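*Asks:* Once you've had a glance at the structure underneath, I'll fire off some questions.
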Amino acid sequence: MPGFSMDAAAEQRFNVNLSILFTELPLLERPAAAAAAGFTAVELWWPWTDTPTPARAELDALRKAIEDAGVQLTGLNFYAGQLPGPDRGALSVPGEESERFRANIDVTADFAHSLGCTALNALYGNRVEGVDPAEQDELALENLVLAARAADRIGAVVLIEALNEPESPRCPLVSAPAAVAVVDRVNEATGLGNARFLMDLYHLSMNGEDLPSVIERYAARTGHVQIADNPGRGAPGTGSLPLAELLGLLREQGYEGWVGLEYKPGDRPSAESFAWLPREARAARPARTARASRTPRTAR
């Protein structure tokens, strides 16, 4: 399978999404499995899809599993409903789901803070039949302001992600410009400047967006990147996306953040899906501050 060269891989800081990889294992075994595969950083969707406020014992057990594995939690979703499943977030959905999102905000922030995690993903949610989209957008802004303030309390950013229209036809954030517009509205409302774009190259490619142009325009406002190949949402090399080249463009634009591996392993154990990435490139490297300090060549 085609893979990244060591030079290309060495430029990146990869983490493994434990909500799509290693799912053949119980949740509490996944951090150690990622460590055994050579990774030192992981991220998660909200692990308890049935509740925004799990019991303290469940939170403590997951925290211990991550700490015992010796991996860093670098990203965590707020409660987003049934994910994977029919939901695409909760924060713009009036009624019970919005209330569940609000109940989850401090739980997520406190759990992330206990593990040094500084990136919290707030999935927007689907349009609801019979509800004015403007009403949903107003509710979304209110909830994102609350999330941004909680994130600021722990020194974190709130991520706003663009999904893809073929797989998420009822989600309004199905383009990079749509997601970045929400980022800008949240930052304007809070004055905190800690809302950032989550650039998922798989979703954007499914939308048919010009990925080099998206990178050039929005790298400076990007707080996290996720990758999977297209078609198929598999590992790099299983589709046709030039992911090494695209990540190189991001680096040229000054992006020094994490690259989340959010792909499906296919009909094999997850540990066998990393052949594209040399093992010595899986341990996360620190950001290079000399490059991070330069001004990205990005349209504002």
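*Asks:* Rounded to the nearest 10 Å², what accessible area does residue 199 have for a 1.4 Å probe in the complete protein model?
*Replies:* Estimated to the nearest 10 Å², residue 199 gives 0 Å².
*Asks:* What's the magnitude of the charge dipole for segment 14-97 around its Cα centre, counting Lys and Arg as +1 and Asp and Glu as -1 at the beta-carbon? Answer in Debye, nearest 20. Please list the in-between numbers first.
*Replies:* Values: 5 positive and 11 negative charges, 36 e Å.
About 180 debye.
*Asks:* Using amide H atoms built in the peptide plane, which far-off residues or other-chain residues are under 5 Å from residue 124 H to H?
*Replies:* Distant-sequence amide H within range of residue 124: 161.
*Asks:* Based on the mean of other Cβ atoms within 10 Å per residue, sort peptides 29-40, 95-106 so the most packed one is first.
*Replies:* Details: 29-40: 20.2, 95-106: 17.8.
Packing order, densest peptide first, comes out as 29-40, 95-106.
*Asks:* Quick one: putting +1 on the C-beta of Lys and Arg, -1 on the C-beta of Asp and Glu, what dipole do you get for the chain around its Cα centre, in Debye to the nearest 20? Let's see the in-between values first.
*Replies:* Working: 28 positive and 40 negative charges, 207 e Å.
The calculated dipole for the chain is roughly 1000 debye.
*Asks:* Relative contact order for the chain: what percent, with Cα pairs under 8 Å and sequence separation of 6 or more? Don't skip to the end; give the middle numbers.
*Replies:* Values: 621 pairs, mean separation 66.2, N = 300.
RCO, the chain: 22 percent.
*Asks:* Show me 51-63, 255-267 ranked by packing, highest mean number of other Cβ atoms within 10 Å first. The partial results should precede the final answer.
*Replies:* Values: 51-63: 14.3, 255-267: 20.4.
Packing proxy ranking, top to bottom: 255-267, 51-63.
*Asks:* Another question, then. How high is the relative contact order of segment 1-78, given as a whole-number percent (alpha carbon pairs under 8 Å, six or more residues apart)? Write down the numbers at each step before the final one.
*Replies:* Values: 81 pairs, mean separation 27.3, N = 78.
Taking the mean separation of contacting Cα pairs over the length of segment 1-78, I get 35 percent.
*Asks:* May I pose another question? Quick one: which residues, 5+ away or cross-chain, put their amide H under 5 Å from the amide H of residue 22? H built at 1.01 Å from N.
*Replies:* 270
*Asks:* Residue by residue through segment 55-65, what is 3J(HN,Hα) from phi via Karplus (6.51 cos²θ - 1.76 cosθ + 1.60, θ = phi - 60°)? Round to whole Hz and write x for glycine and proline.
*Replies:* After applying 6.51 cos²θ - 1.76 cosθ + 1.60, I find 4, 3, 4, 5, 4, 5, 5, 5, 4, 5, 4 Hz.
*Asks:* Compute the accessible area per residue over the chain, keeping the other protein chains in place, probe 1.4 Å, unit Å². Don't jump to the answer; show the numbers that get you there.
*Replies:* Working: 12150 Å² over 300 residues.
For the chain, the per-residue accessible area is 41 Å².
*Asks:* Collect residues whose amide H, placed 1.01 Å from N in the peptide plane, falls under 5 Å from the amide H of residue 260; neighbours closer than 5 in sequence don't count.
*Replies:* Excluding prolines and chain starts, which carry no amide H, the hits are 15, 225, 226, 227.
*Asks:* How much mean residue ellipticity at 222 nm does the chain get from its helices, if each DSSP H run of length 4 or more adds -39500 (n - 2.57) and you divide by all residues, to the nearest 500 deg cm²/dmol?
*Replies:* Numbers: 10 runs with 109 residues, N = 300.
The helix contribution divided over the chain gives -11000 deg cm²/dmol.
*Asks:* Among 27, 284, 235, whose Cα sits farthest toward the positive end of the charge dipole of the chain (+1 at Cβ of Lys/Arg, -1 at Cβ of Asp/Glu, about the Cα centre)?
*Replies:* 284
*Asks:* Given the chain, what percent of its DSSP beta bridges are antiparallel, to the nearest 5? Let's see the in-between values first.
*Replies:* On the way: 1 of 26 bridges.
Approximately 5 percent, going by the DSSP bridge assignments.
*Asks:* Toward the positive end of the charge dipole of the chain, about the Cα centre and with charges on Cβ (Lys, Arg +1; Asp, Glu -1), which of 223, 38, 123 goes farthest?
*Replies:* Sorting the options by dipole projection puts first 38.
*Asks:* I would also like to ask the following. How large is the convex hull of the Cα atoms of the chain per residue, expressed in Å³ as a whole number?
*Replies:* Details: hull volume 36.5 nm³, N = 300.
It is 122 Å³ per residue.
*Asks:* Right, something else. How large is the Rg to Rh ratio of segment 181-285 when both quantities use alpha carbon positions and Rh follows Kirkwood?
*Replies:* Rg/Rh: 1.01.
*Asks:* Tell me the carbon and sulfur percent of the accessible area for the chain, rounded to whole percent, probe radius 1.4 Å.
*Replies:* Numbers: 6150 of 12150 Å².
Taking all protein chains in place, the chain shows 51 percent carbon and sulfur surface.
*Asks:* To continue, here is another question. Let's test the formula: R0 of 51 Å, r as the Cβ-Cβ distance of residue 267 and residue 55. What FRET efficiency results, to the nearest 0.05? The partial results should precede the final answer.
*Replies:* On the way: r = 35 Å, r/R0 = 0.68.
With a Förster radius of 51 Å, E is 0.90.
The values are calculated or read from the model by the stated rules, or taken from the named source; none is laboratory data. Fair warning: this is a prediction, and the values are worked out from it, not measured in the lab. Note that each Cβ is placed from the backbone with ideal geometry, even for glycine, and that neighbours are counted across all protein chains shown. Protein only, heavy atoms only, side chains kept; ligands, DNA and RNA dropped before computing areas. Shrake-Rupley method; radii C 1.70, N 1.55, O 1.52, S 1.80 Å.
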